[in-house]
């Protein structure tokens with residue numbers, strides 16, 4: 001591909017991009033003007049009750065309720081793997 005062909009394709013793609021951007025802006029303005037696009041009110045989230053147990057975390061949404069339960073003294077897997085691998089380089093290390 002020669003430089004002239006690359007410049008032609010650059011110009012063509014710039015025109016396509018500009019047309020797409022203006023169509024998107026124009027359609028948004030049209031829908032706002034005609035009233036078909038109404039801004040939706042944002043619903044505020046309800047207060048989440050704090051459970052008595054500190055090992056539970058509860059998330060509420062409009063369609064679901066999620067309860068995350070943490071185990072007491074849980075060590076993440078990444079920490080376990082790191083400790084296992086580092087035990088090869090420091091075999092006499094106290095934990």
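Here is a check on your reading of the model: is residue 53 modelled with pLDDT under 80, assigned to a loop (DSSP other than H, G, I, E, B) and over 22 Å from the mean Cα position of the chain (by Cα)?
Here the answer is yes, as residue 53 does meet what is asked.
Please list, ordered by first then second residue, the pairs with beta carbon atoms under 9 Å, 6 or more apart or interchain, first in region 60-88 and free of Cβ contacts under 8 Å to residues at least 24 places away in the same chain and at negative phi, second surrounded by 10 or more Cβ atoms within 10 Å (Cβ to Cβ) and assigned to a loop (DSSP other than H, G, I, E, B).
Here the result reads 60/45; 60/48; 61/45; 67/51; 69/55; 70/55; 71/55; 72/55, each pair linking region 60-88 to a residue that is surrounded by 10 or more Cβ atoms within 10 Å (Cβ to Cβ) and assigned to a loop (DSSP other than H, G, I, E, B).
List the residue pairs whose Cβ atoms are under 7 Å apart, where the first residue sits in region 12-37 and is on the phi < 0 side of the Ramachandran plot, the second is assigned to a helix (DSSP H, G or I) and surrounded by 10 or more Cβ atoms within 10 Å (Cβ to Cβ), and the two are 6 or more positions apart or on different chains.
Cβ pairs passing all conditions: 37/31.
The values are calculated or read from the model by the stated rules, or taken from the named source; none is laboratory data. Note that the structure is predicted; figures quoted are calculated from it, not measured. With ideal geometry, Cβ positions are generated from the backbone for all residues, glycine too; neighbour counts draw on all protein chains shown.
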